Amino acid sequence: MFPTPSPSPAPPQRRFSTTNDFEPESQPDNASQPRDHDGYSAHRQATAEPYVALERPLGIGNLKPSPPFSRVVGLFEVLRDSKAATRKDRLDHWFNIWRENVGNDLYPAMRLILPHKDRERATYGLKESGIAKVYIAALGLDRHSRDATRLLKWKQPTKDNASAGNFPNILFEVVDARSTVTEGNLSVDDVNDILDEMTRTTKEADKGKLFTRITEKCTPDEQRWIVRIILKDLSIAVKESTVLSVFHPDAMDMFNTSSDLKRVCWLLPNQSKRADASDKQVQLFHAFQPMLCKRGKTLKEVVKTMGRQEFIMEEKLDGERMQLHKRGNQFFYCSRKGKDYTYLYGANIGEGALTPYIQEAFDQRVSDVILDGEMVVWDPNLEKYCNFGYLKTAALDTIKTGGQDAPRPCYKIFDILYMRSSSGKETMMTEMPLKNRQKTIKSLFYEIPGRFEFAISRPGKTVQDVEKLLHEIVESRGEGLVIKTPSSKYILGGRENCWMKVKPEYMDNMGESVDVLVISANYGKGGRGGKVSTFICGVVDDSTKSSGSDTRYMSFVRIGTGLTFAEYEWINAKPWKPLDRKRLPSWMRVSTASGTEDVGDVYLEPHESFIVSVKAAAITATDQYACQMTMRFPRCTRIRDDLKLEDVFTYTELVAMSLGKRKADEADQPTKKRRVTTRRQGAQLMDHARGQTVDGPQNSDLFDGLTFRILPDNLARPPNDKASLEKLVYEEGGDFTQAVTARTGDVIYIYGGTTMTPTINKIIKADEYDIFKPKWVFDCVEAGALLHPTEKYYFHATTSSRAREDFADDDELASGDEKEGEEPEFKSKPEQSSSVSASRKRASSPAETETESEGDDLDPEMAKWTRITKGQEPSDETKSRLRGIPDDTRDSDAEDSADGRKPTLGDATESEESDPELDGWKKVRSEAREKVAEGLSRRMSEMDVNPVNQESPADKDWVQLDDEQMGESSRDMEYDESKMFKHLCFYLDTPDNAQKAGMTVKASSAVQAPIASEMSKLRNLIVKEGGRVTDNIDEPKLTHIVVHERDKSRRVELIRRTSKPKRRHLVVPAFVEDSVQEQSLLNEDAYAP
């Protein structure tokens, strides 16, 4: 970080500047004025008055009894199951029914609908494990019983635990088997009272009594939703901005200024009555929603976004975002989430860890002010800022000891929103340009080193300016930069392009990057439930000599971001073993500290594991891992198939990197590359993108005379990745190049990814070359001939290719073939229906789906709340207002989590902006191009090759003899939920079947036995689910070929033998097992061998 600036002078005669840059324009006084009885502003505190808690306005209240909690449950399920386009209408309808049947105070309901935004309710002190223990006691379960184990180990997948990773669903299943409650007896107010009481008690026994009451008064489904409210994770696909905007047009603006649901509900009871402008401005001692930063993907993008004009560069601080409100001698501190920290930093100059020391930082003419900044930890002995994790400890130590030499809180101010001078002049500064706000800060406040300082900023205009400052920050172990436009206004709750953050770990040549071995993993929850989700990675332990020849690995870092869906599936197919925390493998070293999370639920033996490259901002000290250090904001950049165990980073290398020795060594010595093993025999072609070689014999001359350029995509997994495709092209007689020159001639571009990289965009823009999918290569190899390229083979086609008459796909694709490149979505398991059970009908079951059918047996009273009937349609004005609310179902708070990471793949919430890690999941629209297609057509004509939609004489006999549909007859092709494999026919590639089919078995006898055993179990599973298993590889009705991971030597031959009448699915055993577990046929492409 930057050195601490010298203190600024604070002469007593200093006054406001007379220039407009320093003195904002005068605005009317904001003293409170009488308002009408609806209470819109009658209780808004005047900025010059002492803070008084909001009281219920006149005319606000519910005159009728609180509705049953089941009405809220019905809303949750309708929102969860409805289409995005109808959620706003249903929410608006529900609010209106409350107003008509209960009253104009919706605060009791809003507390349950937006539990994570309710500041009035303190924390519960409960997570899944705590709730499990309380429920085990409340239900009287034996702690060693099956259901108790399911609750305690809710993430762990088992054969009879289809809800693994979804704690509320597991709890529902356990309670549902025991509960005799068919109709809930708790109202909305009752539930709120219980939840409030739960936050006030700390004893487990007292919490147990409250849960006992819940089990006696609520249906199992209502209990599931109460637990979701406690965990603050409803998973109803509606974010708070949508809820508030439907509630009232001005609700979101008022919430941004106060972070107070009660205030919003009480001051905006009537949708037709708009709030005054003053009610949507920041106010003293009210926590506002601060302006946030967007993340820049590249430095060029950031500079371009700034409009190629001069911008302001500020260091991104490693602390907690903090608001400072001052009214006279009274202070108020709160975080960006609205959490009150005044108790810690001091409500007045006589108390707290900070307020007593910053009295002289304010000009004597500043009476009231609202500042935005970052609270960091300053160590005066080391003369540097410490890790954010020590902030609360440092504050408490300062309060207790008052020591001048101990680490202490330091407030770094970077913005000002409001000011009131001692003469009574008020200025709202959110509409002022940033450059003026910064000048105001430096003219009216004085630095107190180590206590109250300005955030250091510099002007910049070019990428080089940003790079230079970013390098300085990296060398000083800083977090990154924030780039701002000088003219930017302060937008409450906004995340705009005028503020962009740049972190070194997102830049190719900055931050720390290490190659580590995955040693264990934890099961996930939600969308990742039942599968390994986060991974503990280790480095080679060379700190001490280990007995014997076995290498030991030390836990070092945990990762959970940066991987694609296909990579997660590939990883989950590996042979994970249960990990006993008390009996760790001899080669695994973990932290000896208590309460650490560097021991997973399962582990991989080193020779069966894989290496990943992890990039992060820096390496920091910690006792949570065996290395006594870890990485800040780590993310996986790629899986390193090209590295071996001896290439894994060592502990010694980490120590050198953390001390900065590596950079010093590299400055004095030539760059040393990590060892790359090369082969001596065969022709070699270097894959520059992956650092691998392609060698060995060529199997055919299929691609003889053709030159390919395989375009890289870091998200691609085999067989679509660059190295695998280049090897296949070479084996089939083709050549490939890494760059196109005038001597290269016609080149066939192949791209196996889905993201639009700069190279892809450049080729598309030129409109000279087609880009083909790997499917064309695979199908040519299977057919043993060059196939005519139709639309399904193109990633992108030139204009002339699209204009060809034979460009359209053949009938086979049009009849329903799966399109290449489409990835399955990573969805959560469906929850069990809450409607009437077959074994025990409940009188008041909530709405199950959004169906509008007349024949359902939905409770009439519930239907009134959740179903829009004739005569209840919203007015044209309401429809217009609802259409103006974005259909975005992502949470606005997800981007800036405590560690700066973003949730991925199935998390309950996503960030507001696009995540590069998820770009590979987006489906890319297939278009059309031409030049290489013409060359292929000419060459096929010369070779007398038939396009795939033409029949050769030899093929005619095949089609006539085998004119049978694969799988069962058409009348049986409908999906059967009870027998998911009913219409499928499987061939198991066992050693015995291979020998019967005349294929070579290369696996040793030690490998053949376990393969045969596993395949035998798989056969039983397929038959149990209605599928058919054949030992005949030439079976016409064959649909799937199962190839074991430990012996894939016959893969190419199986493809050739089964490519007609059309290509079969090649899958690994995990496809069958996972489909049965998920009770759904999964996408075969994710399970390709």
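Laid out as a table, the results:
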{"quantity": "Residue order, fewest to most surrounding Cβ atoms within 10 angstrom, among Cys537, Cys627", "calculated": "Cys627, Cys537"}
{"quantity": "Placed amide H near Asp601: partners under 5 Å, 5+ positions off or other chain", "calculated": "Ala521, Asn522, Tyr523"}
{"quantity": "Burial ordering of Leu1018, Leu391, fewest other beta-carbon atoms within 10 Å first", "calculated": "Leu1018, Leu391"}
{"quantity": "Hydrodynamic radius by Kirkwood, which averages 1/r over all alpha carbon pairs of the range 567-632, in angstrom", "calculated": "13.7"}
{"quantity": "Listed residue pairs exceeding 24 Å between alpha carbons, taken from Lys501/Lys722; Lys153/Lys1024; Lys574/Lys1002; Lys209/Lys525; Lys425/Lys484; Lys439/Lys501", "calculated": "Lys501/Lys722; Lys153/Lys1024; Lys209/Lys525; Lys425/Lys484"}
{"quantity": "Subset of Lys239/Lys392; Lys155/Lys337; Lys644/Lys1048; Lys435/Lys503 violating a 25 Å alpha-carbon distance limit", "calculated": "Lys239/Lys392; Lys155/Lys337"}
{"quantity": "Cα→Cβ-extended label distance, 7 Å offset, between Arg458 and Phe610, nm", "calculated": "4.1"}
{"quantity": "Potential extension, Arg583-Ser487 segment - 0.36 nm per residue separation minus Cα distance", "calculated": "28.5 nm"}
{"quantity": "Residue order, fewest to most beta carbons within 10 Å, for Asp260, Asp550, Asp189", "calculated": "Asp550, Asp189, Asp260"}
{"quantity": "Extension gain, Glu467 back to Lys644 (0.36 nm per residue minus Cα-Cα distance, nm)", "calculated": "60.3 nm"}
{"quantity": "DSSP bridge orientation in the range 292-506 - percent antiparallel, rounded to nearest 5", "calculated": "85"}
{"quantity": "Approximate shape of the range 69-247 as ellipsoid semi-axes (Cα gyration tensor, √5λ), whole Å, largest first", "calculated": "28, 19, 15"}
{"quantity": "Listed residue pairs exceeding 21 Å between alpha carbons, taken from Lys117/Lys339; Lys461/Lys762; Lys297/Lys727", "calculated": "Lys461/Lys762; Lys297/Lys727"}
{"quantity": "Cα pair distances in the range 292-506, grouped into 5 Å bins until the bin that holds the longest one, percent each", "calculated": "1, 7, 15, 19, 18, 17, 12, 7, 3, 1, 0"}
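No lab work stands behind these numbers, since they all come straight from the coordinates. Remember, it's a predicted structure, so these values are computed and weren't measured experimentally. Ideal geometry is used to build each Cβ from the backbone, glycine not excepted, and the neighbour counts take in all protein chains shown.
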